[in-house]
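Q: Here you go, one structure.
The values are calculated or read from the model by the stated rules, or taken from the named source; none is laboratory data. Model, not experiment: these values are computed from the prediction. Quick reminder, even Gly has a Cβ in these numbers, built from the backbone with ideal geometry, and neighbours come from all protein chains shown. To get the accessible areas, we keep the full protein, side chains included, count just its heavy atoms, and leave off ligands, DNA and RNA. Shrake-Rupley method; radii C 1.70, N 1.55, O 1.52, S 1.80 Å.
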Amino acid sequence: MRALLDRLDISIIRSLQSNARRSNIEVAREIGVAEGTIRHRLQRLVRDDIVRFVALVDPLKTGYETVAIVGVKVNPARHEVAAEGLAAMPEVRYVSYAIGDFDLLIEVLVTTPQTLFEFLTRRLAKVRGVTSFKTFMTPKIVKRSYEWPPVPVHDGKMVTTSRPRGNQRAKGRRPQKSGGRREPNASRMEADRR
């Protein structure tokens, strides 16, 4: 089920995307709400797996000099086995199902082209379910972004991930108390964007 993130949730996320080490007090001042509101909203966003706080490392600056995207074809009866086998490999940083010429797309991160060759011929080729693959070397990454694009607005509501709102009692949940929450002033948010 998709959830609605309101303008305050989105403002908090955008504020933290520029600097995730900001304190709740700093975020509250910027947005114009109480620190407790920020704390409670962040707890919910983390609990619902909407936001995660991690330290991002640039692998190209830490000895990993070879990055490749690999399109993988798999036996249709072995999609899950192949995907799980690939996801378990430490060199594989990303695995997704694909629609098109390949069944899976993976990103491989290794120290040298020789290490990539060994990975492809000795390990990837032996993953159960893999029938063939095509490798695309990436000599230079132009953009790698972890920022969240603007959320679509439908009938004045922000539409995103997976948290039901509204009558939660009908599904056996108690509605959360607002705790005196204030929504950000819309005219102030509009002025901040300019």
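Q: In the stretch 102-126, which residue that is surrounded by fewer than 15 Cβ atoms within 10 Å (Cβ to Cβ) and closer than 19 Å to residue 61 by Cα is farthest from the chain's Cα centre (by Cα)?
A: The qualifying residue farthest from the chain's Cα centre (by Cα) is 114.
Q: Within the stretch 7-47, how many residues are open to solvent by 40 Å² or more (accessible area, probe 1.4 Å) and either in contact with a strand residue (DSSP E or B) (Cβ under 9 Å, 6 or more places away or on another chain) or of a type outside the set (Val, Ile, Thr) (or both)?
A: In the first step, residues of the stretch 7-47 are kept if they are open to solvent by 40 Å² or more (accessible area, probe 1.4 Å); the result is 7, 14, 17-26, 29-30, 34-35, 39-40, 43, 46-47.
When the remaining residues are screened for being either in contact with a strand residue (DSSP E or B) (Cβ under 9 Å, 6 or more places away or on another chain) or of a type outside the set (Val, Ile, Thr) (or both), the result is 7, 14, 17-24, 26, 29-30, 34-35, 39-40, 43, 47.
The qualifying residues number 19.
Q: Quick check on residue 70: is it touching a helix residue (DSSP H, G or I) at 6+ places or on another chain (Cβ under 9 Å) and either free of Cβ contacts under 8 Å to residues at least 24 places away in the same chain or among the charged types (D, E, K, R) (or both)? Give the steps one after another, and end with the answer.
A: Values: touching a helix residue (DSSP H, G or I) at 6+ places or on another chain (Cβ under 9 Å): yes; either free of Cβ contacts under 8 Å to residues at least 24 places away in the same chain or among the charged types (D, E, K, R) (or both): no.
Criteria not met by residue 70.
Q: Moving to a separate point now. Inside the stretch 1-18, can you point out the residues that are touching a residue at least 60 places away in the same chain (Cβ under 8 Å), within 22 Å of residue 147 (Cβ to Cβ) and not in a strand (DSSP E or B)? Walk me through how you get there before you give the answer.
A: Step one: list which residues in the stretch 1-18 are touching a residue at least 60 places away in the same chain (Cβ under 8 Å), which gives 1-11, 13-14, 17.
If we keep only those that are within 22 Å of residue 147 (Cβ to Cβ) as well, we get 2-11, 13-14, 17.
Correct list: 2, 3, 5, 6, 7, 8, 9, 10, 11, 13, 14, 17.
Q: Could you please give the count of residues in the stretch 51-92 that are within 30 Å of residue 15 (Cα to Cα), assigned to a loop (DSSP other than H, G, I, E, B) and open to solvent by less than 40 Å² (accessible area, probe 1.4 Å)?
A: Residues in the stretch 51-92 being within 30 Å of residue 15 (Cα to Cα), assigned to a loop (DSSP other than H, G, I, E, B) and open to solvent by less than 40 Å² (accessible area, probe 1.4 Å): 1 in total.
Q: Continuing with the same structure: Please go through the stretch 136-158 and give me each residue that is open to solvent by less than 50 Å² (accessible area, probe 1.4 Å) and either modelled with pLDDT of 90 or more or in a strand (DSSP E or B) (or both), ordered by number. Steps first, answer last, please.
A: First, the residues of the stretch 136-158 that are open to solvent by less than 50 Å² (accessible area, probe 1.4 Å): 138, 151, 158.
Listed by number, the list holds a single entry, 158.
Q: Is it true that some residue in the stretch 19-42 is under 30 Å from residue 115 (Cβ atoms) and either part of a strand (DSSP E or B) or free of Cβ contacts under 8 Å to residues at least 24 places away in the same chain (or both)?
A: So in the stretch 19-42, the residues under 30 Å from residue 115 (Cβ atoms) come out as none.
Checking the stretch 19-42: not a single residue is under 30 Å from residue 115 (Cβ atoms) and either part of a strand (DSSP E or B) or free of Cβ contacts under 8 Å to residues at least 24 places away in the same chain (or both).
Q: Determine which member of the set 68, 55, 34 is modelled with pLDDT under 90 and not aromatic (Phe, Trp, Tyr).
A: Working: 68 fails: modelled with pLDDT under 90; 34 fails: modelled with pLDDT under 90.
Result of the check over 68, 55, 34: 55.
Q: State whether one or more residues within the stretch 114-132 are in a strand (DSSP E or B) and of a type in the set (A, V, I, L, M, F, W, C). Spell out the reasoning first.
A: At the first step, the residues of the stretch 114-132 found to be in a strand (DSSP E or B) are 130-132.
So of that shortlist, the ones also of a type in the set (A, V, I, L, M, F, W, C) come out as 130.
For the stretch 114-132, residues in a strand (DSSP E or B) and of a type in the set (A, V, I, L, M, F, W, C): present.
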